[in-house]
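Taking it in order: structure first as structure tokens, then the write-up.
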Amino acid sequence: MAWKVFFATATGRTHQQDGVPCQDSGGYLVRDGILVASVCDGAGSARAGGEGAGLFAALLPERVAAQFPSGPPALEDEARAALARALGEVRDGVATQAAGRDLVLADFACTLIGCIASGEGGWFFHVGDGYGASRGRGGEPGAISRPENGEFADETYFVTDEAWADHLRLTPISPPGRGGVIGLLSDGVAPFAIDRARSGFFAPFLDPVLAYLAGVDEAAGNEALAHLLAGERALEISADDKALLLAIAT
Amino acid sequence: MSHVIPDVALIDNSDERALLVLVLDCSGSMLDEGKIELLNDGLKTLEVELKADPVAARCGRVLVISFGGDNSVERMGEWTDAMDFTAPTLHAGGMTPLGSAMRGALDEIEEQKSQMRAAGVTYKRPIIMLLSDGEPTDDWRMVADECRNAETAHRVNVMAIGIGQANRDILGAFSNKGALNLAGLRFKELFIWLSRSIRAVSRAPTGATVQLNPVDSWAQMQT
């Protein structure tokens, strides 16, 4: 299976006003028909949350792919063990960078929503908030990985937490089929792209986006997504930074 | 700009609410130096600033509690969405029943939270802002302990702010962060900062307090 992957970020209004750059990041790779992707949201309360999001999102796809040379396993235990190894390696790598700068891992606090998928299906893996959502080729709803928050919506879990492994959640993704889509959304995007029942994509959002993306290459698609995320309506609905990754099976 | 995706509809599910209770000292000493007028002006500034931000206007939910008179605590109207908030006009006079007022604030928040949970509405950690220029004339120690415990349990974020000659040791007992002092009588700056804090959809790791903007526009730095 081949994948066409689109990704964009936009700085939310709060950070625009404070002159702070976007704290959301994403990264992905496609190898032998296997897609590995991640979107990370840096904690505003951490000293280098945005940087942490950038590091995790950049390092993660390669480490995860290395654990799954023949694609995502069907068994959750197997997938969880391998993902935990990959995330542990990335955490170690980021901790080493932190130590070199008199910082600690928690200073790079960020959430993580990721996926590994092939034509056979795969897994969302998730620590903290944001959404993973998939949809079949005919628009039929697929998997959804919802945010995990503390008592309050502004408290969440971070991949840098000591107890991160307790909050690592896996959700199976069914085989996407050509035209199927897998989305990773930071919590600044979900309020306008996920339906009210929190059951999947808001179709009037996704359908026109997919129709447009079908006719453009990745560079043009990324630009259009960035424009959409930075639009007035999106800024009004959520003051948060925004990151959206859409992988379309072709 | 090219690359405009046509016909995209955006739903609005951003219904996380930010609860704010203002607990305001209206004791007799607030008449001095025009403090009560400055406080009223500050509240009007808060109203304007909250309404000026579409997210804060929709997500913010405000309750004002005043205390003064004959050790009386007054709830100035109902909980109000920020977009509908009208700053009340406060009048100063009488005692400083600060303990009862804070007890009322804690109760109001728990009540409001249970209503929201029942309605399936998510909320951020509520903020109680306590402003006082004196010291309590009622029993305050037990409710101060409760406030600190509620903070430790992440149920609320208490900001205790002293005006002028306020007893900062007592005010500081209401928050694990201690109390800050308003520099001069910068009520306007304080309320602009507060509205910015409500705006900031700031997120904090589990167990940590929510990070807010620097307070140097209004807070008196310790010397």
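Every number in this text was worked out from the coordinates using simple rules, so none of it is lab data. Note that the structure is predicted; figures quoted are calculated from it, not measured. Positions of Cβ are backbone-derived with ideal geometry, glycine not excepted, and every protein chain shown enters the neighbour counts.
Here are some notes:
- Qualifying residue in the stretch B:68-75 (condition: out of contact with any Asp or Glu (no Cβ under 8 Å at 6 or more places or on another chain) and surrounded by 19 or more Cβ atoms within 10 Å (Cβ to Cβ)): yes
- Residue within the stretch A:197-214 that is crowded, with 20+ Cβ neighbours inside 10 Å and of a type in the set (S, T, N, Q) present: no
- Verdict on A:Thr160 being in contact with a helix residue (DSSP H, G or I) (Cβ under 9 Å, 6 or more places away or on another chain) and of a type in the set (Ser, Thr, Tyr): yes
Each row is one residue, and each column tells you yes or no for (1) assigned to a strand (DSSP E or B); (2) at positive phi; (3) of a type outside the set (A, V, I, L, M); (4) in contact with a Gly (Cβ under 7 Å, 6 or more places away or on another chain).
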position: A:Lys4; (1), (2), (3), (4): yes, no, yes, no
position: A:Ala8; (1), (2), (3), (4): yes, no, no, no
position: A:Thr14; (1), (2), (3), (4): no, no, yes, no
position: A:Val20; (1), (2), (3), (4): no, no, no, no
position: A:Gly27; (1), (2), (3), (4): yes, no, yes, no
position: A:Val30; (1), (2), (3), (4): yes, no, no, no
position: A:Arg47; (1), (2), (3), (4): no, no, yes, no
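- Taking the numbered list (1) closer than 24 Å to A:Gly27 by Cβ; (2) more than 9 Å from chain B (Cβ to nearest Cβ) in turn, A:Thr156 passes all entries but (2).
- Among residues of the stretch A:119-137, those that are assigned to a strand (DSSP E or B) and either buried (at least 23 other Cβ atoms within 10 Å of the Cβ) or within 14 Å of chain B (Cβ to nearest Cβ) (or both), counted: 11
So that you can scan it fast, the table gives a plain yes or no per residue for (1) closer than 30 Å to A:Glu232 by Cβ; (2) out of contact with any Leu (no Cβ under 7 Å at 6 or more places or on another chain):
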| residue | (1), (2) |
| --- | --- |
| A:Thr11 | yes, yes |
| A:His15 | yes, yes |
| A:Val20 | yes, yes |
| A:Tyr28 | yes, no |
| A:Ile34 | no, yes |
| A:Asp41 | yes, yes |
| A:Ala74 | no, yes |
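- Residues that are acidic (Asp, Glu), within 14 Å of chain A (Cβ to nearest Cβ) and in a helix (DSSP H, G or I) within the stretch B:32-53 comprise just one, B:Glu49.
- For the residues A:Ala220, A:Ala193, the requirement of being more than 7 Å from every other protein chain (Cβ to nearest Cβ), surrounded by 15 or more Cβ atoms within 10 Å (Cβ to Cβ) and of a type in the set (A, V, I, L, M) singles out A:Ala193.
- Scanning the stretch A:224-250 for residues that are more than 8 Å from every other protein chain (Cβ to nearest Cβ), surrounded by fewer than 21 Cβ atoms within 10 Å (Cβ to Cβ) and among the acidic types (Asp, Glu) yields a total of 1.
- Only helices (runs of 4 or more DSSP H) whose full extent lies in the stretch A:138-239 are considered here, and the ones with at least 1 residues that are among the basic types (Lys, Arg) are A:232-237.
- Of the set (1) among the hydroxyl-bearing types (Ser, Thr, Tyr); (2) over 16 Å from the mean Cα position of the chain (by Cα); (3) not in a helix (DSSP H, G or I), all apply to B:Ser29 but (3).
- Within the stretch B:54-81, restricting attention to residues that are out of contact with any Lys or Arg (no Cβ under 7 Å at 6 or more places or on another chain) and in contact (Cβ under 8 Å) with a residue 60 or more places away in the chain, the residue that is nearest to the other protein chains (Cβ to nearest Cβ) is B:Gly60.
- Whether a residue is at negative phi and in a loop (DSSP other than H, G, I, E, B) was assessed, and A:Ala74 passes this test.
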